[in-house]
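Read the structure below first, then the notes.
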Amino acid sequence: MNERGESTGPRRPKVGIAGFYGYGNFGDELFLKVFAEHLGDEFDLSIVSDLLEKPYFSMDIKEIVAGLDAIIIGGGDLIQPWATDPRYFDKALLQKPVFVCGVGVPIRSAKYPSQQVEKDFIVQRYLRFLSHPNVKFIHVRDPQSHTWLIDRINPPVGVLEAPDIVCSMTLPAVAPPSPGKPPILGIVTRHRPNRAEPDDYSKVVQLLETALRDGWHVRHIVLGNGRVGIQDVEDAKRISPLEKQLIYTDDLDVMCRAIGQCTCLASMKFHGTVVATMYGVPSIVMIATSKNRNFMRRIGREDLLSSFDSEALIDKFLSKPEPISSSSVEDIKQGALEAMYRLRSALRAELC
């Protein structure tokens with residue numbers, strides 16, 4: 001530094017991150033921690049969109065991009081075959097090198113008219129964007145997303161398939177369970193907007209009542225802060241007045257430790273299951289979306305797939321699911337670390 005406190009060292013490349021950030025959704029906020037952990041020592045990271053409502057940018061997006069050296073788009077369900085979002089796929093982002101990382105392609109069935117399904121003109125938008133010469137790297141989190149991208153887009157840069165990048169994160173340590181203490185069942189619910197009626201949690205209530213009768217401690221973990229957290233905690237209050245512990249916090253590490261201390265988790269949120277898995281905690285999936293099915297298939301634990309309104313939900317718990325094997329945890333961690341190493345190398349090759 002000089003006498004005015006200004007850095008005289010080499011300038012760090014400025015990398016903007018485009019994603020669903022600032023709303024307080026657990027998985028998306030964990031993505032930011034992952035990027036900071038693996039890239040923050042070498043690159044100056046910032047979020048591209050700075051408004052939570054449209055137009056999402058407080059100034060012309062071209063001006064924002066002009067001040068950056070590269071863009072990371074990721075992670076999560078960002079490549080939606082029925083819609084494109086200007087926060088992630090505005091063509092202005094292509095002014096600079098673009099690196100797509102940690103994304104998935106949610107696949108929904110056309111047999112359900114209420115679901116959003118693939119539209120040809122939307123696929124063509126993705127084709128034009130992802131085939132642009134400034135797209136330098138693409139990583140997806142599961143084989144299904146990889147197959148979709150190769151079949152529909154076949155981007156010139158190719159597509160890396162590796163586990164969800166949250167699997168590469170250094171999780172906060174948790175103490176081993178104290179002898180004589182009751183086992184802990186963690187429960188994760190979520191507010192799902194735009195539904196005619198709130199989700200029916202009667203089976204979840206039966207699950208928790210069963211656990212309490214069997215001597216378990218019940219912990220209801222709100223995996224969200226900010227706008228998402230406010231909605232989720234209000235939704236969680238619908239499951240009452242059971243004797244349960246409610247954890248609601250802005251601290252992502254506290255959320256992660258609350259999961260890691262559980263004996264078993266039942267989660268409506270994908271990244272609740274991902275974090276539980278990385279702690280070795282079995283997580284009963286209560287919304288079997290394509291990303292959940294793909295993840296459980298990857299770790300060989302499709303026995304944990306269920307639904308919050310399924311008759312089989314309690315049976316999944318009563319079967320006393322085995323912890324996730326250490327070999328499965330290590331395999332997906334190494335795969336996710338490889339993806340982050342490849343991203344870092346691609347950024348270095350372009351910017352350093």
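The values are calculated or read from the model by the stated rules, or taken from the named source; none is laboratory data. Because the structure is a prediction, the values reported are computed rather than measured. Cβ coordinates were reconstructed from backbone atoms using ideal geometry, including for glycine residues, and neighbour counts include every protein chain displayed. All accessible areas refer to the heavy atoms of the entire protein, side chains included, with ligands and DNA or RNA removed. Shrake-Rupley method; radii C 1.70, N 1.55, O 1.52, S 1.80 Å.
Out of everything in region 275-289 that is under 14 Å from G186 (Cα atoms) and β-branched (V, I, T), what residue ends up being surrounded by the fewest Cβ atoms within 10 Å (Cβ to Cβ)?
V281
Considering only region 164-173, state which residues are of a type in the set (S, T, Y) and either over 18 Å from N294 (Cα atoms) or open to solvent by 60 Å² or more (accessible area, probe 1.4 Å) (or both).
T170
I need the full set of residues from region 201-227 which are without any contact (Cβ under 8 Å) to a residue 40 or more places away in the chain, within 23 Å of G27 (Cα to Cα) and not in a strand (DSSP E or B), in order please.
If the condition is that a residue be without any contact (Cβ under 8 Å) to a residue 40 or more places away in the chain, within 23 Å of G27 (Cα to Cα) and not in a strand (DSSP E or B), then V222 is the only one that fits.
Taking only region 237-250 into account, find how many residues are touching a Phe, Trp or Tyr at 6+ places or on another chain (Cβ under 9 Å) and either open to solvent by 80 Å² or more (accessible area, probe 1.4 Å) or at pLDDT 95 or above (or both).
Counting residues in region 237-250 that are touching a Phe, Trp or Tyr at 6+ places or on another chain (Cβ under 9 Å) and either open to solvent by 80 Å² or more (accessible area, probe 1.4 Å) or at pLDDT 95 or above (or both) gives 1.
Specify which of the listed residues (S310, S319) is in contact (Cβ under 8 Å) with a residue 60 or more places away in the chain and farther than 26 Å from P172 by Cα.
The conditions single out S310.
Here is a list: P176, P183. Which entry is open to solvent by 10 Å² or more (accessible area, probe 1.4 Å), free of Cβ contacts under 8 Å to residues at least 24 places away in the same chain and not polar (S, T, N, Q)?
P176
How many residues does region 47-90 contain that are assigned to a loop (DSSP other than H, G, I, E, B) and either in contact (Cβ under 8 Å) with a residue 40 or more places away in the chain or acidic (D, E) (or both)?
Residues in region 47-90 being assigned to a loop (DSSP other than H, G, I, E, B) and either in contact (Cβ under 8 Å) with a residue 40 or more places away in the chain or acidic (D, E) (or both): 18 in total.
Taking region 256-282 only, how many residues are part of a helix (DSSP H, G or I) and among the basic types (K, R)?
1
Does any residue in region 255-275 that is farther than 17 Å from I314 by Cα come within less than 6 Å, Cβ to Cβ, of a residue that is buried (at least 24 other Cβ atoms within 10 Å of the Cβ) and of a type in the set (S, T, Y) six or more places away or on a different chain, and which pairs are these?
T273/S267; T273/S283
Might you let me know whether region 321-340 holds any residue that is at pLDDT 95 or above, on the phi > 0 side of the Ramachandran plot, open to solvent by 50 Å² or more (accessible area, probe 1.4 Å) and not in a helix (DSSP H, G or I)?
No - not one qualifying residue is present in region 321-340.
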